[in-house]
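Note sheet for the following structure.
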Amino acid sequence: MQRDAVMEQLTGAKMKHWQLIKENSGIAVAVLDKAEESANSLSAEVLAEFGQILDQLDVYPPKGLIVRSGKAAGFIAGADIGEFSQLDTQEKGRALVDRGWTLFNRLAAVKYPTLALVRGHCLGGGLELALACRYLLAVDESGTKMGLPEVMLGIFPGWGGMLRLPERVGPSAALDMMLTGRTVDGKKAKKLGLADDCVPPRVMEMAARQLLLSGQPRRPLPLMQRLLNGPLKAVVANGARKQVAKKARPEHYPAPYAIIDLWAKHNGNALAAPEVVDRIISSPTARNLVRVFHLQERLKGFGKDANFRAKHVHVIGAGVMGGDIAAWCALRGLTVTLQDQTVERIAPAIARASKLFNRRLRDPLKARLAFDRLIPDPQGEGVRHADVVIEAIFENVEAKHALFRSLEPKLKPGAVLATNTSSLRLEDLRVALQQPERLVGIHFFNPVAMMPLVEVVEAEGCNAGAVQAACAFVKQIDKLPLPVKSAPGFLVNAVLAPYMLAAMRAVDEGLTPETVDEAMLAFGMPMGPIELVDTVGLDIAMAAGKQLAGGAEPPKCLLARVEKNQLGKKTGQGFYDWSSGRAKKGAPGAVPAGLSEKLAKPLVDRVHRLVANGVVADADLADAGVIFGTGFAPFTGGPLHRGKG
Ligand code: NAI
């Protein structure tokens, strides 16, 4: 009786973000519904209120505690990134780590059983909270994703993730998740042992209560995994350091190395190595990666007010680009009709799409459904029903004019009409249309599945609603839309051209391709510029150079190879030998002092010019476009921000 009275009181206790519900069964349910936000994140205030909940439950312990979200948007998206940006002293950095570490240790130590009911995103601090519960029940839904992506912000999971994830899933799987930021869905989480069970939404309430009160012990880690997470930690750590070194240099990305050390030497307790906390949190890399995160959010915001949602996309041209654009749209749930001159030309695109679906969806049924959404359409019947029509045929003005003339009368009113052209002017293409203002550019990059950015191109006098709708469509298929004005090369190709040219001039001056590439890898580029030329194709680099290099002579090293039809990766030989499918590189020579700055300068200068000319709206968007469109060293914060942060 007395207990019920107190529980009633708990229910009535006024909290801003949490609600504590008492059930007649004696189970308490803590529901997080962060005030004034659409998604839950763990701010200092949210954590303090959770501490109050634990205080209250200490007085009259419940039979069990369920922690869940009150948001449709998911469980908890992570720590509050806004607060992270305000850490301007070492004390504040350490206090932030201490706040979650201590609170979640306290949660892990309570006597009554606890369960995190995970539906939707459960990331970073959110997963650390869930890991501190005795049980984790995942809901089997497409939005359910669990992960510790802190490394992508240049930091580490300091609230118990580095301690508890390896205990649950073993160190190899845990390090893989922590060092790549990879997320897993509900089923995978169960398979790994991260979730105790994965159930469909309709039974989740009942399943949560049953599991909570089951008294069921945790599934123990297999002996080998226990050894690897104990006496053999050093061996695992060495292997992990080697793996990381292949992808990230410690001077650019210190966080993954810190994660390995904190796990191996301090059992995941960052407070035991305060100098590491200070170093990582105050590093320019962390600040810049947080900046990149915000830039990404800004790109995602384009088109969100457009009230446009596509169901059906029609793609014309089933070549390198059109085929892959169509496959990507089908993968993302849209109905797609794919047109080309003959069925034979469509077939290779369908075969590539099938591989993509199997690789990405890893579920034969889902892959089958995606496959069914992609419809070969040699007659172009789909145009009449499409919400978005994308032209990706040969780069030829007359061919595109003829196509637009035949397309226009068939288009639905309000349908987006887009071209994927890289080098033709929208102003020249749209003259064939009765309503020229409706043509926009939706410029994808090759390979479509790998490249996150898509430029949305607006020519003078273009219908603003069409541009908004195009941005909304790009966002809908999970790419990042970057609005740009019509100009040669838009943003990305326009900045790459002078950069690749400078790299090839350095080869003309006697440096080996390996040395030139090494200079830019050391600078922080994901791929050297010469390897990039090989990947793009030397013929395409030559054509782009003619258009974008302002009449400069092509480099001799490029001319000589194009004459011999050594066009790069696609012909098996370019600057490098690609016969094995990968560039065969010799050892680089000593990189001359100042070379990387010299090679980066034309790129940076061009970005400045494009911002000044209004091709991109501002410097931040230009940085975002160059990072997501070229892979430009994210730890620097972008070409224009570099050196400032
Ligand atoms: P591609 O040569 O691989 O494919 C073009 C396809 O269009 C061919 O299958 C051809 O049969 C088909 N086609 C030509 N005329 C047609 C018509 N009237 N009706 C139906 N189908 C027709 O060309 P790719 O590389 O895919 O380029 C296509 C467009 O994408 C071009 O405008 C290009 O500038 C642009 N682009 C190309 C990129 C690349 O890396 N290849 C990158 C970004 C844009």
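I'm trying to understand the selection: among the residues of the range 492-530, which are within 16 Å of the ligand (Cβ to nearest atom) and either in contact with a His (Cβ under 7 Å, 6 or more places away or on another chain) or part of a helix (DSSP H, G or I) (or both)?
VAL492, ASN493, ALA494, VAL495, LEU496, ALA497, MET500
Which of the residues that make up the range 365-392 are in contact (Cβ under 8 Å) with a residue 60 or more places away in the chain and away from the ligand (no atom under 16 Å from the Cβ)?
HIS385, ASP387
I'm trying to understand the selection: among the residues of the range 323-347, which are farther than 21 Å from ASN446 by Cβ and either more than 11 Å from the ligand (Cβ to nearest atom) or not in a loop (DSSP other than H, G, I, E, B) (or both)?
GLY333, THR335, THR337, VAL343, GLU344, listed by residue number.
Going residue by residue through the range 293-300, is there one that turns out to be surrounded by fewer than 16 Cβ atoms within 10 Å (Cβ to Cβ), more than 23 Å from the chain's Cα centre (by Cα) and at pLDDT 95 or above?
Among the residues of the range 293-300, not one is surrounded by fewer than 16 Cβ atoms within 10 Å (Cβ to Cβ), more than 23 Å from the chain's Cα centre (by Cα) and at pLDDT 95 or above, which makes the answer no.
Taking the range 434-459 as the region of interest, how many residues are under 18 Å from PRO488 (Cβ atoms), away from the ligand (no atom under 14 Å from the Cβ) and open to solvent by 10 Å² or more (accessible area, probe 1.4 Å)?
1
Pull up the range 350-360, narrow it to residues that are touching a helix residue (DSSP H, G or I) at 6+ places or on another chain (Cβ under 8 Å) and open to solvent by 50 Å² or more (accessible area, probe 1.4 Å), then point me to the one that is farthest from the ligand (Cβ to nearest atom).
Filtering the range 350-360 for residues that are touching a helix residue (DSSP H, G or I) at 6+ places or on another chain (Cβ under 8 Å) and open to solvent by 50 Å² or more (accessible area, probe 1.4 Å), the one farthest from the ligand (Cβ to nearest atom) comes out as ASN358.
Going by what's in this entry, would ALA48 be described as touching a His at 6+ places or on another chain (Cβ under 8 Å) and of a type in the set (A, V, I, L, M, F, W, C)? Quick ask: steps written out before the conclusion?
Details: touching a His at 6+ places or on another chain (Cβ under 8 Å): no; of a type in the set (A, V, I, L, M, F, W, C): yes.
Criteria not met by ALA48.
Restricting the range 568-615 to residues that are polar (S, T, N, Q) and assigned to a helix (DSSP H, G or I), which is least open to solvent (accessible area, probe 1.4 Å)?
We begin by selecting, within the range 568-615, every residue polar (S, T, N, Q); these are 571, 573, 579-580, 596, 613.
Filter once more, keeping what is assigned to a helix (DSSP H, G or I): 571, 596.
On the way: THR571: 64, SER596: 30 Å².
Going through the qualifying residues, I end up with SER596.
Residue under question is GLU83, and the condition is that it be modelled with pLDDT under 95 and either farther than 27 Å from GLY154 by Cβ or open to solvent by less than 60 Å² (accessible area, probe 1.4 Å) (or both); does it hold?
Yes: the conditions hold for GLU83.
Every residue in the range 266-275 that is touching a residue at least 24 places away in the same chain (Cβ under 8 Å) and either closer than 16 Å to GLY181 by Cβ or assigned to a helix (DSSP H, G or I) (or both), please.
Residues satisfying the conditions are ALA270, LEU271, PRO274.
Of all residues being of a type outside the set (A, V, I, L, M) and touching a strand residue (DSSP E or B) at 6+ places or on another chain (Cβ under 6 Å) in the range 486-517, which is least open to solvent (accessible area, probe 1.4 Å)? Just the residue, please.
PHE490
Would you check if there is a residue in the range 469-488 being in contact with a helix residue (DSSP H, G or I) (Cβ under 8 Å, 6 or more places away or on another chain) and on the phi > 0 side of the Ramachandran plot?
There is no residue in the range 469-488 that is in contact with a helix residue (DSSP H, G or I) (Cβ under 8 Å, 6 or more places away or on another chain) and on the phi > 0 side of the Ramachandran plot.
Which residue, of GLY120, GLY143, is out of contact with any Leu (no Cβ under 9 Å at 6 or more places or on another chain) and at pLDDT below 95?
Checking each option against the conditions leaves just GLY143.
So, of the residues in the range 533-551 that are within 12 Å of the ligand (Cβ to nearest atom) and surrounded by fewer than 22 Cβ atoms within 10 Å (Cβ to Cβ), which turns out to be farthest from SER579 (Cα to Cα)?
That would be GLN547.
What do you reckon, is PHE628 of a type outside the set (Gly, Ala, Ser) and farther than 23 Å from GLU455 by Cβ?
In short, no.
Look at the range 308-322 and say how many of its residues are in a loop (DSSP other than H, G, I, E, B), within 11 Å of the ligand (Cβ to nearest atom) and open to solvent by 30 Å² or more (accessible area, probe 1.4 Å).
Within the range 308-322, residues that are in a loop (DSSP other than H, G, I, E, B), within 11 Å of the ligand (Cβ to nearest atom) and open to solvent by 30 Å² or more (accessible area, probe 1.4 Å) number 1.
Tell me yes or no: at least one residue of the range 460-469 is closer than 23 Å to ILE393 by Cα, open to solvent by less than 20 Å² (accessible area, probe 1.4 Å), in contact (Cβ under 8 Å) with a residue 24 or more places away in the chain and within 16 Å of the ligand (Cβ to nearest atom).
No - not one qualifying residue is present in the range 460-469.
Given (1) under 16 Å from PHE156 (Cβ atoms); (2) assigned to a helix (DSSP H, G or I), where does GLU91 come up short, assuming only one miss?
Result: GLU91 passes all but (1).
Would you mention how many residues in the range 393-433 are in contact (Cβ under 8 Å) with a residue 60 or more places away in the chain and within 8 Å of the ligand (Cβ to nearest atom)?
The qualifying residues number 6.
The values are calculated or read from the model by the stated rules, or taken from the named source; none is laboratory data. No experiment lies behind these values; they were computed from the predicted model shown. Here the Cβ is made from the backbone with ideal geometry for all residues, glycine too, and neighbour counts use every protein chain on show. The area values use the complete protein model at the heavy-atom level, side chains included, leaving out ligands, DNA and RNA. Shrake-Rupley method; radii C 1.70, N 1.55, O 1.52, S 1.80 Å.
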